[in-house]
Amino acid sequence: MANRIGRRILVMSGKGGVGKSSIAVNLAVWLSGQGRRVGLLDIDIHGPSVPKLLRLEGTRLTAYDEKIEPVLYGDSLKVMSIAFMLSNPNEAVIWRGPMKHNMIQQFCDGVAWGDLDDLVVDCPPGTGDEALSAVQVLGTVNGVVIVTTPQDLAVVDVRKCVTFCKQLSLPVLGIVENMSGFVCPHCGKRTDIFPGAGGEQIAEDFGVPFLGGVPMDPTVAQSGDAGKPLIAFEKDSPTAQAFAHVFQPLLGEPKQDTKQKETSNMKIAIPLADGKLTAHFGHCGQFAIVDVDPKSKTIQSQVVLDPPPHEPGVLPAWLAEKGVNLIIAGGMGQRAQMLFTDKNIEVIVGAPVDTPEALVSDYLAGALQTGDNICDH
């Protein structure tokens with residue numbers, strides 16, 4: 001059965017040590033506690049923290065029907081991390097970019113996630129290979145939660161993270177300021193340990209939401225070391241309440257990472273061979289360009305065009321000139337996807353071989369089922 005995933009939410013930070021994984025874990029557990037079907041994907045290849053934070057170390061993976069079964073936490077939260085594949089927790093993963101990309105693609109397409117309302121993706125610090133691969137492989141990213149701490153040293157790098165999202169047209173759901181002051185457990189007095197304007201200033205400067213702050217609390221570290229997320233095991237504590245306050249806006253309708261659902265019309269391009277989608281993008285002889293009305297979810301018109309020669313950078317510019325917002329493809333290489341992203345054209349890969357009318361109708365109905373991206377070069 002193909003995975004049907006609703007929202008895809010990345011949790012990112014520009015700098016390590018800001019508590020990003022703790023935020024991601026508590027967010028996933030909290031969403032699950034709201035009755036939502038949630039997956040938690042840890043794509044930190046070199047420093048996976050999620051299994052430790054959920055007390056899942058030592059768990060081994062199983063496979064069924066050629067797909068990896070995610071590890072179940074509690075009754076419904078599905079979890080995947082490279083840590084489940086390591087025989088020794090002290091083992092170092094020494095990989096370059098292409099190997100990391102392939103592993104992240106396996107995590108997304110080769111895991112039996114099933115039906116999810118939310119997939120929370122815990123990214124490593126920075127804006128490197130893993131974050132780019134997640135954006136490319138997921139196809140659609142509904143939003144990014146960015147974690148910072150108040151001090152200027154963290155804020156400088158987190159600003160780069162916001163810029164990364166802007167450049168890739170990823171909607172920023174909000175900024176979370178972690179370690180936002182210290183509340184004394186004895187007298188209740190708050191002390192701002194770290195100087196700086198922090199997350200609220202970033203949000204103001206970039207025009208993105210500020211979700212709120214989570215205070216520095218020793219029980220957060222203790223609960224993490226014990227594998228018991230604070231949001232579930234100390235839900236009445238002030239810090240757990242702060243988590244809930246920060247997460248509450250994330251229950252709303254997801255923002256779209258393209259403008260197709262906000263405009264009166266959009267154009268979808270589909271590479272063709274013999275009148276149907278071709279499995280390999282680079283081998284297509286024609287393109288179907290379908291005009292649709294996303295409000296009424298109807299096809300308005302369709303033309304079939306011969307493209308210019310398939311050379312780097314030519315097709316993205318040509319399709320952008322035609323007003324294309326979205327490409328539905330069978331397979332497409334990583335570099336090609338980046339070129340289309342630069343032109344603000346969304347790419348969906350892994351679509352089945354079918355007629356343009358059938359594929360677009362399924363897309364508009366939210367029923368387009370996708371599989372593996374057969375092209376990885």
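The numbers here are math on the coordinates, done by the rules we state, and not lab data. Everything numeric here is computed off the predicted structure, so don't read it as measured data. Because the Cβ atoms are built from the backbone with ideal geometry, glycine has one as well, and the counts that use them run over all protein chains shown.
In this structure, the pairs whose alpha-carbon distance is over 26 Å, taken from Lys15/Lys235; Lys78/Lys267; Lys160/Lys343; Lys100/Lys297; Lys52/Lys160, are Lys15/Lys235; Lys78/Lys267; Lys100/Lys297; Lys52/Lys160. Placing unit charges on each Cβ (+1 for Lys and Arg, -1 for Asp and Glu) gives the range 266-364 a dipole about its Cα centre, and among Leu326, Pro352, Ser301 the Cα reaching farthest toward its positive end belongs to Leu326. Run lengths n ≥ 4 of DSSP H only: what is the helix-derived mean residue ellipticity at 222 nm for the chain, with -39500 (n - 2.57) per run over all residues, to the nearest 500? About -9000 deg cm²/dmol.
Note on Lys78, Lys235, Lys276: ascending count of other Cβ atoms within 10 Å places them as Lys235, Lys276, Lys78, the fewest first. Here the peptides 337-343, 351-357 are ranked by packing, the mean other Cβ count within 10 Å, and the order with the highest first is 337-343, 351-357. Among the chymotrypsin sites (Phe, Trp or Tyr not before Pro) in the range 1-73, none sits in a DSSP loop with a Cβ that has at most 12 other Cβ atoms within 10 Å. Only Lys, Arg, Asp and Glu carry charge here, each on its Cβ (+1 for the first two, -1 for the last two); on that basis the chain has a dipole of about 400 debye about its Cα centre. Cα centroids of the range 25-101 and the range 116-137: 13 Å apart. Neighbours of Ala242, meaning other residues whose beta-carbon lies under 11 angstrom from its beta-carbon, give a summed charge of -2 when Lys and Arg score +1 and Asp and Glu score -1.
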